[in-house]
Structures are given as C-alpha cells and as structure tokens.
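Report on the following structure.
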Amino acid sequence: MAMLGNSLLEGTVLFVSSFLLFAWLYFWYKFSYWQRRGVPHSKPTMIFGSYKDCVLQKECVGQFMQRMYNEGVGKRFFGCYVFTRPALVLRDPELMKEILVKEFNTFFNRNAQSNHQKDPLSQNLFLIKGELWRHLRLKMSPIFTSFRLKQMFPLINTCGKQLCQYVERSDKQIEMKEVAGKYATDVITTCAFGIESNSLLNPNAEFREFGRKIFDFSVYRSFEFMSAFMLPLVAKLMGITFFSRETTKFMRKTFWETIQEREEKKIERHDFLELLIKLKNGKDITNEKSMKNGLSTETLNGTTDVSNGIMKDSKPIQLEGDILVAQAAIFFTAGFESNASTTSFTLYELAMQPHLQTRLREEILHTLDKNEGQFTYEAIRDMEYLHMVISETLRKFPPLPILDRVAERDYVIPGTDITIEKGTTVYVPLLGIHMDPEVFPDPEHYDPERFNEKNRKARHPFMYLPFGEGPKYCIGKGFGLIASKVAVANVLANFIVSPCADTPSSIQLNPKAMILAARGGIRLKFTKLNR
Ligand code: HEM
C-alpha cells in the first residue's frame with residue numbers, strides 16, 4: 001500500500017514537473033522571438049508578455065502602446081508581446097509612412113475582422129478585409145466629399161442649436177461626455193439614418209440607448225474590444241460580435257423602414273442615407289457634381305492621397321441587404337463616440353484655461369458678426385483658432401489611440417536585415433507619439449499654438465495622425481471635424497464653460513475604454529453669456 005502511494009506520488013511529481021518544464025520551454029521559446037531576430041523589445045512577463053497591465057485593466061490599450069513606445073526610446077521600432085503573440089511598435093515616422101502608405105499592398109488589413117455569419121453588420125468598412133474593402137471604400141468615398149458635407153451642414157448645425165437649448169434647460173452643471181454623446185448621436189443619426197433620434201430632447205431615445213450598449217465599457221465588453229483589436233484569433237474562436245442581435249435587429253428595422261418611407265413618399269434629403277439609397281439602386285455617385293470638387297475630404301497634414309493607385313483596379317459590387325445597413329451602422333458607431341469624446345475633452349480643456357476659451361470665443365463671435373448671426377459650413381471650416389483647438393484636443397486625446405496593420409507577406413524593414421513575418425501585427429501608437437516630449441514639449445499641457453502654421457510645418461507630418469494615414473485613413477474625417485467644431489462653436493457662442501466642484505483637476509483615462517474616455521466622466525459648469 002505504502003509502495004503504491006509512493007509510486008503515485010512519484011508519478012504525479014514527474015507529470016507536474018514535466019508539464020512545468022514543457023510550459024517553461026514553450027514560453028521561453030515564444031518570448032525569445034524578438035531576441036532571436038535582434039529586435040529591441042520589451043521584457044515579457046510569464047504568460048501575459050508585455051500585456052499584463054492591460055489585461056488587468058490598469059491601463060487602456062492606448063496607454064499600453066504608449067508604454068511600449070516610451071520603452072523603445074531612441075529606436076526606430078520596438079518589439080512587444082500580446083500574450084505570446086509578437087507585435088511590432090513603430091517609432092520612426094518614415095517607417096510609418098512606408099508601412100501605412102507606400103507598402104499598403106503588404107500592410108493591407110487590420111487585426112479586427114468581420115464575422116458576418118454571427119454578426120451581419122460587421123461587414124462594414126472598418127472590419128472587412130481584402131478585395132471587398134477596396135470595392136466598398138471606392139463606393140463610399142464620394143459620400144464624404146466637402147460638397148456633401150456642405151449639403152449636410154444645416155442638419156448638423158440644427159443639432160448644435162439643440163445642444164445649446166439642452167444646456168440652457170439643464171441645471172447648469174453637466175456631465176459633458178453624456179451630453180456630447182446625445183449631441184453626437186443626434187448628428188450621426190440625422191445624417192446616417194436620416195431620422196431625428198431626439199437624444200437631446202428625449203432621455204429614453206432608442207439610438208442613444210443602443211449607442212451606450214455598443215460602447216458600454218463593462219469588464220466583459222472591454223475584453224471583447226481588446227480581443228478584437230489585439231487578439232483576432234481569440235475574438236474569432238469566441239465568436240465575439242461588435243453588434244448584438246438586439247442592436248442588429250434595431251438597426252435593420254430603422255434603416256429599411258426609413259428607406260421605404262423615403263422611396264414611397266419620394267422624400268429627398270441631403271444626407272448619407274440618400275447616397276446609400278443611390279448606391280443600392282445601382283447609381284454611380286462618383287459622376288455627380290460633388291466629384292468634380294475632388295474626392296478627398298479635408299486633411300490636417302495634407303499627406304493623404306485617396307486617389308492612390310491602390311483604388312483603381314476595383315471591380316463593381318452590388319450594395320444591397322445587410323451590407324448597406326452595415327455601412328450606416330459603422331457611420332453611427334465610428335461617428336458618435338469619437339465626436340462625443342472630442343467635444344467633451346475640448347470643453348474640459350477650455351474650462352481649465354479660460355484665456356484660451358476667451359480667445360476662441362472672440363473668433364467665434366467675430367465670425368457670427370460677419371455672417372449675420374449664422375454659422376455656415378465655410379464659416380466653421382475657416383475658423384483658424386477653432387481648428388487649432390480641435391487639433392490640440394485630438395493630439396492629447398486621439399479617440400482611437402492606436403493604428404494597426406497586419407503583414408500580408410514577409411517584409412524586410414528598409415535599412416536593416418530584419419523581416420516582419422507574414423501575419424505579424426504592426427502598431428502605430430498614436431497616444432505615445434502625440435505625448436512624446438521630443439515631438440510635443442510638455443505634452444500634458446494643452447496648447448493650441450502647437451498647431452499654428454509655423455509649429456505645424458516644423459514637425460514630421462507622421463508625428464500627428466489622429467485620423468490615421470494611407471488609403472485606410474478615416475473616411476469620416478471631414479465630417480468628424482465639422483461635427484465637433486459645430487458643437488464647440490455653438491456652446492461657446494452662448495455659454496461660459498468653467499470647472500465646478502466635481503471637475504477633475506486632470507483627466508485620468510478609463511482603462512476599460514477602447515475609444516479614449518475619462519474615468520468618472522467630466523462635469524462642467526455652464527453660465528449663459530450676456531450678449
Ligand atoms: C473626431 C472624429 C474621428 C476620429 C478621430 C476618427 C479616427 C479614426 C481612425 C484613427 C481610424 C483608423 C484609420 C487608419 O487605420 O489609418 C478611423 C477609421 C474609420 N473611421 Fe473614423 N474617426 C472619426 C470620425 C469618424 C466619423 C464621423 C465616421 C463616419 C461617419 C468615421 C468612420 C470611419 C470608418 C468607416 C473608418 C474605417 C475606414 C477604412 O478602413 O476604410 N470616423 N477613424
């Protein structure tokens with residue numbers, strides 16, 4: 001009996017130690033990937049690699065990449081591990097240009113991918129890959145020209161005015177992210193779905209509820225987003241969805257009912273939906289008048305060229321069914337959270353530095369005086385200081401704080417003999433670059449002067465990329481800029497914004513949020529301006 005016990009014990013000890021040895025060897029091999037290739041890298045911890053603080057939700061994905069960027073100081077690129085998965089973080093702007101623009105045919109896709117069987121609305125421009133992306137991007141680009149934005153401007157400005165009415169009616173101390181979220185929801189639903197969601201007027205507005213659900217950063221939802229962006233295989237195996245069944249049902253119903261009503265009543269409205277209807281009916285919107293004004297939307301650094309040869313060999317596709325709804329859904333998703341984040345962070349920073357607010361208000365009121373008391377598309381677009389302010393917000397708080405691209409084939413980094421292997425993810429750590437004191441001295445300090453012409457020209461354009469770069473850059477850039485500017489201009493033309501007792505003295509980022517968000521929200525005080 002004693003002998004049997006001893007051999008069982010010995011067997012167990014042998015099994016456990018072999019398992020531990022095997023596990024150790026496995027991790028040792030996996031975590032020596034960058035070392036074997038002579039790439040400077042972050043020292044990994046067991047199991048988690050470089051990713052532990054992000055998994056434990058001590059930092060958000062943007063801060064994780066910022067940490068990697070900072071660790072790699074002085075290097076052109078830096079290796080890290082997302083669990084055992086090796087990834088490369090870029091630091092050199094010329095290499096970013098190479099990968100995002102010149103080598104686009106090698107770095108063609110993002111990590112996150114659509115899963116159309118489980119999540120039909122994931123067949124959208126952000127998530128689809130390869131040829132389908134090419135076709136869709138070409139089809140969708142005309143929707144976002146400056147001509148179209150100008151046509152949509154009255155719809156956006158109406159929401160700006162409703163935002164002021166909302167502030168006036170409320171108790172003067174407002175949770176700004178929530179209110180900016182309502183404004184952004186109204187702007188995007190009126191333009192993308194062609195309906196007035198009335199989030200500002202109705203506390204139970206359905207679209208606002210669905211928006212909250214998509215970006216509800218509970219521990220689990222945060223895990224889903226992190227997996228989609230950092231661990232695509234895990235996301236695929238777990239069947240993670242961006243849009244729940246309930247959201248999909250709601251979006252489909254809203255979209256098709258609105259289209260039916262429009263077609264039956266022959267309603268014409270200058271919005272994204274009208275263009276989606278034209279695409280559905282097989283019309284070529286690239287030949288319309290707007291296209292004579294150029295394909296590209298406004299750019300901050302003038303480096304984006306959407307007419308790049310990559311777009312030219314696209315074959316025609318029929319836009320129908322869920323593919324159409326999916327595009328409206330991504331406009332909604334990508335549009336409202338980024339806009340709410342930009343608007344609320346801007347008003348926060350202006351409340352904390354009243355002299356900046358005064359300067360911006362002078363420009364806004366002067367513009368209104370010149371335009372008979374009304375904002376126009378051109379008036380908003382041409383306000384120089386407003387543009388500098390929003391640009392500075394997007395530096396300090398880029399809503400999407402990382403860009404990612406996956407190598408579709410082996411690629412040798414120019415000037416080295418190091419190969420980025422097929423399937424490796426390459427990250428551009430926007431938050432890290434934007435907060436680099438070598439590029440933006442005293443980076444925590446909010447200073448719109450960083451974006452005056454002289455300072456802007458003195459920087460490498462790839463050291464500021466809030467909208468991404470290359471053929472996959474943000475298609476809604478012009479729209480996003482105008483929507484945030486309209487909100488800020490309307491609010492400052494009517495109110496003085498200041499901190500209240502609950503306003504944080506500095507912003508702490510929410511570690512669970514994929515789109516940058518303040519932990520605990522942003523409460524601000526609004527006082528009616530006497531003019
Ligand atoms: C302040 C506002 C916004 C910011 C900062 C922002 C930022 C970004 C960034 C960083 C990307 C990734 C680009 C890349 O990988 O190179 C992106 C992609 C995208 N954005 Fe935006 N965005 C904003 C507003 C909008 C709006 C209003 C819409 C739609 C109405 C939109 C739709 C999209 C889409 C569809 C993509 C994927 C494009 C593609 O892969 O072809 N975004 N955005």
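Residues considered: 89, 55, 61, 73. Of these, the only one that is more than 23 Å from residue 233 (Cα to Cα) and not basic (Lys, Arg) is 73.
Residues in the range 452-501 that are away from the ligand (no atom under 16 Å from the Cβ) and of a type in the set (Lys, Arg): 454, 456, 457, 459.
Among the residues of the range 102-113, write down those that are over 16 Å from residue 133 (Cα atoms) and in contact (Cβ under 8 Å) with a residue 12 or more places away in the chain. Show your work before the answer.
Our first condition is that a residue be over 16 Å from residue 133 (Cα atoms); within the range 102-113, this holds for 102-103.
103 - this is the single residue of the range 102-113 that is over 16 Å from residue 133 (Cα atoms) and in contact (Cβ under 8 Å) with a residue 12 or more places away in the chain.
The lone criterion from (1) closer than 24 Å to residue 375 by Cα; (2) basic (Lys, Arg); (3) surrounded by fewer than 20 Cβ atoms within 10 Å (Cβ to Cβ) left unmet by residue 148 is number (3).
Could you please let me know if residue 83 is more than 30 Å from residue 495 (Cβ to Cβ) and among the aromatic types (Phe, Trp, Tyr)? Walk me through it before giving the result.
Values: more than 30 Å from residue 495 (Cβ to Cβ): yes; among the aromatic types (Phe, Trp, Tyr): yes.
Against the criterion (more than 30 Å from residue 495 (Cβ to Cβ) and among the aromatic types (Phe, Trp, Tyr)), residue 83 qualifies.
Taken over the range 406-422, the criterion of being open to solvent by less than 40 Å² (accessible area, probe 1.4 Å) and not aromatic (Phe, Trp, Tyr) is satisfied by 406, 407, 413, 418, 420. Any chance the range 454-462 includes a residue that's touching a Gly at 6+ places or on another chain (Cβ under 8 Å), under 26 Å from residue 54 (Cα atoms) and open to solvent by 30 Å² or more (accessible area, probe 1.4 Å)? No, the range 454-462 has no match at all. Checked across the range 4-22, the condition of being out of contact with any helix residue (DSSP H, G or I) (no Cβ under 8 Å at 6 or more places or on another chain), outside any helix (DSSP H, G or I) and more than 27 Å from residue 437 (Cβ to Cβ) holds for no residue. Looking across the range 401-420, the residues that are part of a loop (DSSP other than H, G, I, E, B), out of contact with any helix residue (DSSP H, G or I) (no Cβ under 6 Å at 6 or more places or on another chain) and of a type outside the set (Ser, Thr, Tyr) come down to 408, 409, 410, 413, 414, 415, 417, 418.
In the range 393-405, is there at least one residue being surrounded by fewer than 18 Cβ atoms within 10 Å (Cβ to Cβ), among the basic types (Lys, Arg) and touching a Lys or Arg at 6+ places or on another chain (Cβ under 7 Å)? Spell out how you get there, then give the answer.
Filtering the range 393-405 for residues surrounded by fewer than 18 Cβ atoms within 10 Å (Cβ to Cβ) gives none.
Within the range 393-405 (the criterion being surrounded by fewer than 18 Cβ atoms within 10 Å (Cβ to Cβ), among the basic types (Lys, Arg) and touching a Lys or Arg at 6+ places or on another chain (Cβ under 7 Å)), the answer is no, since none of the residues qualifies.
Look at the range 468-482: where a residue is without any contact (Cβ under 8 Å) to a residue 40 or more places away in the chain, no partner that is within 6 Å of the ligand (Cβ to nearest atom) sits 6+ places away or on another chain with Cβ atoms under 9 Å.
Among the listed residues 320, 257, 224, 264, identify the single one that is of a type in the set (D, E, K, R), closer than 28 Å to residue 130 by Cβ and at pLDDT 80 or above. Give the derivation first.
On the way: 257 fails: closer than 28 Å to residue 130 by Cβ; 224 fails: at pLDDT 80 or above; 264 fails: closer than 28 Å to residue 130 by Cβ.
Matching residue, one of 320, 257, 224, 264: 320.
Applying a threshold of 7 Å to beta carbon distances and a minimum spacing of six or more residues, or different chains, the list of pairs starting in the range 328-340 at a residue that is more than 24 Å from residue 175 (Cα to Cα) and within 8 Å of the ligand (Cβ to nearest atom) and ending at one that is aromatic (Phe, Trp, Tyr) and open to solvent by less than 20 Å² (accessible area, probe 1.4 Å) reads 331/272. Filter the range 359-380 down to residues that are within 16 Å of the ligand (Cβ to nearest atom) and over 21 Å from residue 340 (Cβ atoms), then give me how many there are. Qualifying residue count for the region: 1.
So that you can scan it fast, the table gives a plain yes or no per residue for (1) surrounded by 24 or more Cβ atoms within 10 Å (Cβ to Cβ); (2) touching a strand residue (DSSP E or B) at 6+ places or on another chain (Cβ under 7 Å); (3) modelled with pLDDT under 95:
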residue: 429; (1), (2), (3): yes, yes, no
residue: 433; (1), (2), (3): yes, no, no
residue: 452; (1), (2), (3): no, no, no
residue: 486; (1), (2), (3): yes, no, no
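Can you tell me which of 160, 194, 211 is of a type outside the set (Lys, Arg), within 20 Å of residue 521 (Cα to Cα) and touching a Phe, Trp or Tyr at 6+ places or on another chain (Cβ under 9 Å)?
On the way: 160 fails: within 20 Å of residue 521 (Cα to Cα); 194 fails: within 20 Å of residue 521 (Cα to Cα).
That would be 211, the only listed residue that is of a type outside the set (Lys, Arg), within 20 Å of residue 521 (Cα to Cα) and touching a Phe, Trp or Tyr at 6+ places or on another chain (Cβ under 9 Å).
The residue that is surrounded by the fewest Cβ atoms within 10 Å (Cβ to Cβ), counting only those in the range 42-75 that are without any contact (Cβ under 8 Å) to a residue 40 or more places away in the chain and closer than 18 Å to residue 424 by Cβ, is 75.
Consider the range 215-240 and keep the residues that are among the β-branched types (Val, Ile, Thr) and either part of a helix (DSSP H, G or I) or under 16 Å from residue 327 (Cα atoms) (or both). The one that is most open to solvent (accessible area, probe 1.4 Å) is 219. Take the residues of the range 421-437 that are away from the ligand (no atom under 15 Å from the Cβ) and touching a helix residue (DSSP H, G or I) at 6+ places or on another chain (Cβ under 9 Å): which is farthest from residue 466 (Cα to Cα)? Among residues in the range 421-437 that are away from the ligand (no atom under 15 Å from the Cβ) and touching a helix residue (DSSP H, G or I) at 6+ places or on another chain (Cβ under 9 Å), the one farthest from residue 466 (Cα to Cα) is 436.
When the residues of the range 123-141 are narrowed to those that are polar (S, T, N, Q) and under 17 Å from residue 320 (Cβ atoms), which ends up nearest to the ligand (Cβ to nearest atom)? The selected residue is 124.
Picking from residues in the range 179-211 that are more than 25 Å from residue 153 (Cβ to Cβ) and modelled with pLDDT of 75 or more, the one that is nearest to the chain's Cα centre (by Cα) is 210.
The values are calculated or read from the model by the stated rules, or taken from the named source; none is laboratory data. Please read these numbers as outputs of a predicted model, since none were measured by experiment. Note that each Cβ is placed from the backbone with ideal geometry, even for glycine, and that neighbours are counted across all protein chains shown. Surface areas here come from the heavy atoms of the whole protein model, side chains and all, with no ligands, DNA or RNA. Shrake-Rupley method; radii C 1.70, N 1.55, O 1.52, S 1.80 Å.
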